[in-house]
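The values are calculated or read from the model by the stated rules, or taken from the named source; none is laboratory data. Fair warning: this is a prediction, and the values are worked out from it, not measured in the lab. As a convention, Cβ positions derive from the backbone with ideal geometry for all residues, glycine included, and neighbour counts pool all protein chains shown.
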Amino acid sequence: MQDQSRFFVVTGGPGSGKSTLIEALKACGLRTMPEAGRAVIQDQVTIGGSALPWDDRLGFAELMLGWELRSHREARDHVGVVLFDRGIPDLLGYLTLCGLPVPPHVQQAAHTFRYNRRVFIAPPWPEIFGQDAERKQSPEEAQATYKAMVDAYTGYGYELIHLPKSPVEDRVRFVLAELG
């Protein structure tokens, strides 16, 4: 099986339950790759860095790209399905959402480092949306992020599979059924 066919992305706007779903799927024994954005924010805050979405958005995007490339490479060493909490096309959506140009090397990364053509997307879900130390977006920004992800992934030829707005156990069953 080629790597890209066994690499599945879960994307969507912030606060839509995607990371909770990833953790639940991990508990079922599936291999997962963590979200770059949250980790980059935590690291930058710890070291007093400025590559943060509220300080240096382009620097933040570059660090996320490095993280995503490393995750893609690391996933190749594992057998079977690997689930990614976001993927490289998320960076294109993020940069576009921020009104920043998408550098050619980021576009090239999205073309070169591919995932399964079917991508799981979590729709905006205001009833479960919440903010925390890393998630500072408003519900309106979460909606705009969702739309940016739809545009980014469909623009790169991915087919979106919309996750149901249902309890995590139901979402796990849905994903497992889709994975076969």
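When you look at VAL10, is it of a type in the set (A, V, I, L, M), touching a Leu at 6+ places or on another chain (Cβ under 8 Å), modelled with pLDDT of 95 or more and not in a loop (DSSP other than H, G, I, E, B), yes or no? Working first, answer last.
Numbers: of a type in the set (A, V, I, L, M): yes; touching a Leu at 6+ places or on another chain (Cβ under 8 Å): yes; modelled with pLDDT of 95 or more: yes; not in a loop (DSSP other than H, G, I, E, B): yes.
Spelling it out, VAL10 is indeed of a type in the set (A, V, I, L, M), touching a Leu at 6+ places or on another chain (Cβ under 8 Å), modelled with pLDDT of 95 or more and not in a loop (DSSP other than H, G, I, E, B).
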Restricting the search to the stretch 81-103, which residues are assigned to a helix (DSSP H, G or I) and under 15 Å from GLN4 (Cβ atoms)?
ILE88, PRO89
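Would you confirm whether any residue within the stretch 96-103 is of a type outside the set (Gly, Ala, Ser), surrounded by 15 or more Cβ atoms within 10 Å (Cβ to Cβ) and under 18 Å from ALA142 (Cα atoms)?
Restricting attention to the stretch 96-103, the residues satisfying the condition of being of a type outside the set (Gly, Ala, Ser) are 96-98, 100-103.
Retained after the next criterion (residues that are surrounded by 15 or more Cβ atoms within 10 Å (Cβ to Cβ)): 96-97, 102-103.
Narrowing further to those that are under 18 Å from ALA142 (Cα atoms): 96-97.
Yes, because at least one residue in the stretch 96-103 is of a type outside the set (Gly, Ala, Ser), surrounded by 15 or more Cβ atoms within 10 Å (Cβ to Cβ) and under 18 Å from ALA142 (Cα atoms).
Evaluate the stretch 62-80: report whether one residue or more is of a type in the set (Val, Ile, Thr) and part of a helix (DSSP H, G or I).
At the first step, the residues of the stretch 62-80 found to be of a type in the set (Val, Ile, Thr) are 79.
Narrowing the set further to residues that are part of a helix (DSSP H, G or I) leaves none.
Scanning the stretch 62-80 turns up no residue that is of a type in the set (Val, Ile, Thr) and part of a helix (DSSP H, G or I).
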Within the bounds of the stretch 18-37, is there any residue that is over 23 Å from PHE113 (Cα atoms), among the charged types (D, E, K, R) and in contact with a strand residue (DSSP E or B) (Cβ under 9 Å, 6 or more places away or on another chain)?
yes
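Looking at THR20, THR32, can you tell me which residue is touching a helix residue (DSSP H, G or I) at 6+ places or on another chain (Cβ under 8 Å), polar (S, T, N, Q) and not in a helix (DSSP H, G or I)? I'd like the intermediate steps shown before the answer.
On the way: THR20 fails: not in a helix (DSSP H, G or I).
Among THR20, THR32, only THR32 is touching a helix residue (DSSP H, G or I) at 6+ places or on another chain (Cβ under 8 Å), polar (S, T, N, Q) and not in a helix (DSSP H, G or I).
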